[in-house]
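The structure appears right after this line, and notes come after that.
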Amino acid sequence: MTGVGYKNPDIVIRLYAFCPTREDMAQPDSNTMTDDSISAFKRRISSLEEENRELRGAQASVPKTRHNFYLSAGRAIRRVVTLNDRIEDLVSEADRRSCMEQADSDDDPRWTDLSEEEDRLYRGYQELLRWIPSLKSDLAAESEDYEVRLIMKNLNKGADGARGDDAAGLKIAVVGWLMSDQPTPEPALEPRHKLGRGFYHDATARLICPVDYDWSNPQHRANIRNYHPDYLVTADSWPFFLYKDENYDPEAPVKGLFKNALLVKAFKHIFTSPSSTDFDSVPDDTDDDSRVSSTEPPPKRRKGPSDRRSRAHLRFALSSCTSWRIIDEDFDYGVFYNNILTFFEDCHTEWDKAEVAELLLWWNRSVFGRTNMSAYRPQATGKKSVASTLRKRHERAVGSIMGRHDSGHGDRAMTG
């Protein structure tokens, strides 16, 4: 029985107790077992084996459940936490800061020498805990080292798997969107592979071309394709696909930025459903600067860094690069992503904040529709008719009470 692989000693003992020995089964006298007895023993053994499998399965179910949980939870990381950082790097930065806090020294030069990269990693760790709160306890000091490594491995595996699925889905979807344009791009784009995209096809090249160059200019096209040092395609320039209708105004570089219809389609394809891109919900509004100074409350921030990551995914889908890598020739997706984050988060003036708030409102309307705006743009209800009615009634009630109070004082004075 020891060779069968039973790990529960109680089950093994019970199996031995019910199993006849070879000597017993070999006896030719009256003690020889009947066929019915043998069948009964076999059924009993089968029942105990099944019980043993259930017990072993129950013991393995807990780690297996956690294993599956972190695989599925990891799928959100590349979408809403960080574009390319590994979980080990995020946790290491958090551990390093925890040790610095334990030292309890405000004069520690490490606090003043924190780099932008270290701050970004720590913000990524905080965002990770926001989406997976149970992770902090599972990574606690009392956790086994192999369990921690397994958790990080599963999170990374889930994250990279989701990015691969998103890239594969957009690779096909973006061709359908471009081929539906009029006039239809020639030659036709292939949805199943990316050869012939990027700067090898005018339909995709005009979208990923930096706004500092003019793709319609033959000399610019030739220089870009020949990797001329003065026409490098880097993340230091916004590509045309970020702008509304691919129109860039050097005198007003913010006008139309991040308002391209393809961006909305890419976001909805990843975060709502591929079929939701069939319905055009982009608001038909203009960039009216007078709206930026509106006195309405700013919209609730329903959209986080996820909408910025979809822009990196779309740029990758338009390129000719066949597999994901953070640096594609001269273009660094990490720098591109951080530049987008800086635009949204590095707001120093009230005008900048209002500008971003207006852009977020546009995105909320584009993704969630024009109705139900109160969910992300609460109105100043104190100025509305319902509040005015109730306020007026309250004022009358207070006046009536005060009138009765003054009348009572007058009666008592006359009586006196």
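Of all residues in segment 368-402, those satisfying the criterion of being in a helix (DSSP H, G or I) and either among the basic types (Lys, Arg) or modelled with pLDDT under 70 (or both) are Met373, Ser374, Ala375, Lys383, Arg391, Lys392, Arg393, Arg396. Exactly one residue among Arg315, Arg291, Arg365, Arg301 is modelled with pLDDT under 65 and part of a helix (DSSP H, G or I), and that residue is Arg291.
Of the helices (runs of 4 or more DSSP H) lying entirely inside segment 125-242, the ones with 1 or more residues being open to solvent by less than 50 Å² (accessible area, probe 1.4 Å), touching a residue at least 40 places away in the same chain (Cβ under 8 Å) and over 19 Å from Arg66 (Cβ atoms) are found at 145-179, 202-208. Criterion first (open to solvent by less than 20 Å² (accessible area, probe 1.4 Å) and more than 21 Å from the chain's Cα centre (by Cα)) does Cys321 satisfy it? Considered against the rule, which asks whether it is open to solvent by less than 20 Å² (accessible area, probe 1.4 Å) and more than 21 Å from the chain's Cα centre (by Cα), Cys321 comes out as yes. Can you pull out every residue in segment 318-346 that is under 21 Å from Val254 (Cβ atoms) and in a helix (DSSP H, G or I)? Scanning segment 318-346 gives Val335, Phe336, Tyr337, Asn338, Asn339, Ile340, Leu341, Thr342, Phe343, Phe344, Glu345.
Look through segment 69-80, keep the residues that are open to solvent by less than 10 Å² (accessible area, probe 1.4 Å) and out of contact with any Lys or Arg (no Cβ under 6 Å at 6 or more places or on another chain), and return whichever of them is farthest from Ile326 (Cα to Cα). Among those residues, the one meeting the criterion is Tyr70. For Ser273, the conditions (1) open to solvent by less than 60 Å² (accessible area, probe 1.4 Å); (2) free of Cβ contacts under 8 Å to residues at least 24 places away in the same chain; (3) over 24 Å from Trp363 (Cβ atoms) are fulfilled apart from (3).
Scanning segment 69-123 for residues that are modelled with pLDDT under 90, among the basic types (Lys, Arg) and within 14 Å of the chain's Cα centre (by Cα) returns Arg78, Arg79.
The values are calculated or read from the model by the stated rules, or taken from the named source; none is laboratory data. Fair warning: this is a prediction, and the values are worked out from it, not measured in the lab. All Cβ positions, even for glycine, are placed from backbone atoms using ideal geometry, and neighbour counts span all protein chains on display. In case anyone asks, the SASA skips ligands and DNA or RNA and just uses the protein heavy atoms, side chains included. Shrake-Rupley method; radii C 1.70, N 1.55, O 1.52, S 1.80 Å.
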